Amino acid sequence: MSVLTSLPQWQKLSELAESVKGAHMRDWFAQDASRADKMQLEACGIFLDYAKNRVTDESMAALLDLARACNVEGQRDAMFGGDAINATEGRAVLHTALRNFSGNPVIVDGKDVMPEVRATLDKIEAFTASIHSGEHKGYTGKPIKHIVAIGIGGSFLGPKIMTEALKPYTADAVKVHFVANVDGCHIHDVLSSVDFEETLVVMSSKSFSTQETLQNTLTAKDWFLKSGGTQHDIAKHFVAVSSNVKAATEFGISADNIFPMWDWVGGRYSLWSAIGLPIALALGFENFKGLLEGAFEMDTHFKTAPLSQNMPVLLALLGVWYRNFFDAPSHALLPYYHYLRGLPAYVQQLDMESNGKSVTLDGEHVDYATGPIIWGSEGTNGQHSFHQLIHQGSGVIPADFMLPLNVPNQDDTHHAMLASNCFGQTQALMQGKSFEACYADLANKGLDEETRTRLATHKTMRGNKPSNTFLFDSLTPNILGALVAMYEHKVFVQGVIWNLNSFDQWGVELGKVLGNQVLEGIQGKAGKDNFDASTQQLIAKFRAANAPK
Ligand code: F6P
């Protein structure tokens with residue numbers, strides 16, 4: 001048995017889960033009028049109602065005991081303190097330094113990193129102002145009107161999804177286009193829609209070695225040169241964000257046009273760094289700064305709130321409860337706000353690339369479940385797609401519902417309908433509909449007894465399906481920053497409990513290596529013996545379909 005599953009706190013939770021499984025939330029609400037009051041929390045402008053969870057006061061207390069037994073607070077302080085908690089890469093984990101408005105230093109390897117963090121923020125601010133004001137002009141003297149932001153993974157998801165979520169805050173100065181996939185359709189569609197004389201390419205790659213981003217940038221460069229630009233003009237139309245300044249310079253990006261980032265910021269935690277440059281260009285620097293300020297508020301809450309009043313900690317523990325004691329394989333994010341439709345995809349990388357691991361920090365294989373599958377999409381759309389499974393499927397799928405109480409260009413009817421669907425879904429999931437109620441509904445339908453009973457069985461909804469509901473007044477940059485930081489810290493706490501390194505991603509390396517070998521196979525540069533018969537067959541099919549006509 002692992003250290004974790006040997007803990008008395010773990011054993012206690014296992015016993016409690018068995019006892020809870022026979023209970024129904026319907027009854028808990030009926031027995032305790034204060035349940036909703038007790039199981040709610042407000043932090044950083046976010047209201048969390050977690051009463052529709054399959055927990056009692058006793059199970060919450062036991063979950064908090066587990067957090068203490070796993071030294072969550074100690075590990076939290078180690079992260080904020082700059083310890084090299086990314087043990088397999090020997091790095092600190094300090095995305096929190098990027099939004100550290102405390103005025104206090106953050107020491108990495110004996111050096112305060114805050115001066116360079118602030119200098120980079122200043123560079124982002126100045127560059128954004130030069131673009132928005134028209135001071136920065138293209139090679140034919142025209143101001144920049146289009147930004148082509150090229151990046152993938154954490155160098156794409158954050159910028160794109162934050163910009164989309166804060167659409168009401170978009171600055172009119174420029175239009176930002178995002179390109180990630182190496183599928184040529186993407187870059188082709190974007191480049192066909194812009195005039196390079198008015199276009200700036202922001203190439204974002206922490207490593208400056210990601211195939212997709214390099215290829216897309218090469219294509220953009222070729223496009224630029226074929227559109228009339230010269231090598232000399234590159235500096236006016238290409239900037240890079242990377243920790244690999246040497247590679248960016250060798251690629252042809254002038255040193256002045258390189259925005260630095262640091263190895264103590266993981267890709268999926270990097271939107272707060274210069275990776276967020278497209279956000280500042282799209283929304284204006286002040287709104288980008290608002291994101292950082294909101295995240296800083298959540299950092300402060302996470303650092304200082306008692307565990308029982310600590311939003312990221314409670315969310316992490318509820319996730320452990322379902323993942324490890326209810327065998328829930330996934331967790332759904334259901335934002336009831338069209339502009340926030342990208343959040344599930346963002347948290348997907350954040351959570352699954354962090355805790356999709358099965359070896360502990362001690363080098364042992366886990367004997368317990370770890371990172372869940374994160375999925376979801378905007379409400380109300382999901383109700384007409386996958387909510388059937390959440391309601392009547394065979395397992396437990398804990399879900400996060402979220403709703404701004406006010407939206408831009410608010411139409412009261414639309415917004416009331418959106419809210420009523422959000423709340424109605426969480427109530428339906430919790431209370432379900434009994435066989436008896438379904439049977440009664442089928443009275444006077446002219447059904448014989450057997451048919452009526454059978455149909456009622458199919459219509460029965462067992463309920464007891466857990467959900468959290470987040471409310472906030474409106475989705476401002478500040479609230480969005482706090483919300484994202486909340487999920488970052490939730491993932492961190494779960495990683496501590498599961499004893500994982502949440503900050504490396506070795507699992508993606510093999511695919512990259514083999515992908516390059518297959519590319520050589522497709523290009524006829526590698527022999528068949530490199531590949532299994534299936535892959536050989538696939539390569540042969542592709543080569544045949546793309547053979548020169
Ligand atoms: O998927 C692996 C990964 O390294 C992610 O962690 C990262 O966000 C993405 O690829 C892009 O990496 P880079 O910013 O170095 O191009």
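Bear in mind that the values in this text are calculations on the coordinates, not laboratory data. In this text the structure is predicted, and so the values were computed from the model without any measurement. A quick note on method: Cβ atoms are made from the backbone with ideal geometry, for glycine too, and the neighbour counts reach across all protein chains shown.
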Matching residues in segment 483-525 (crowded, with 23+ Cβ neighbours inside 10 Å, under 21 Å from Lys206 (Cα atoms) and aliphatic (A, V, I, L, M)) number 2
If you scan segment 413-455, which residues turn out to be without any contact (Cβ under 8 Å) to a residue 12 or more places away in the chain and part of a loop (DSSP other than H, G, I, E, B)? Ala443, Asn444, Lys445, Gly446, Leu447, Asp448
Name every residue in segment 343-368 that is more than 16 Å from the ligand (Cβ to nearest atom), crowded, with 17+ Cβ neighbours inside 10 Å and farther than 14 Å from Lys490 by Cβ, in order of residue number. Pro344, Thr360, Tyr368
Please list, ordered by first then second residue, the pairs with beta carbon atoms under 9 Å, 6 or more apart or interchain, first in segment 385-400 and surrounded by fewer than 14 Cβ atoms within 10 Å (Cβ to Cβ), second among the aliphatic types (A, V, I, L, M). Leu389/Ile397; Gly395/Ala328; Gly395/Leu389
Boolean, Ala30 is in a loop (DSSP other than H, G, I, E, B) and not charged (D, E, K, R): no
One residue is enough: does segment 255-263 have a residue meeting the conditions farther than 26 Å from Asn478 by Cα, charged (D, E, K, R), within 16 Å of the ligand (Cβ to nearest atom) and in a helix (DSSP H, G or I)? no
Taking only pairs six or more apart or across chains, which ones have beta-carbon atoms under 9 Å, a first residue in segment 96-123 that is without any contact (Cβ under 8 Å) to a residue 60 or more places away in the chain and at positive phi, and a second residue that is surrounded by 12 or more Cβ atoms within 10 Å (Cβ to Cβ) and in a helix (DSSP H, G or I)? Gly103/Met114
Test for Ser474: is it in contact (Cβ under 8 Å) with a residue 24 or more places away in the chain, within 16 Å of the ligand (Cβ to nearest atom), surrounded by 12 or more Cβ atoms within 10 Å (Cβ to Cβ) and hydroxyl-bearing (Ser, Thr, Tyr): no
Out of the residues in segment 220-248 that are within 16 Å of the ligand (Cβ to nearest atom) and among the hydroxyl-bearing types (Ser, Thr, Tyr), which is nearest to Asp83 (Cα to Cα)? Ser243
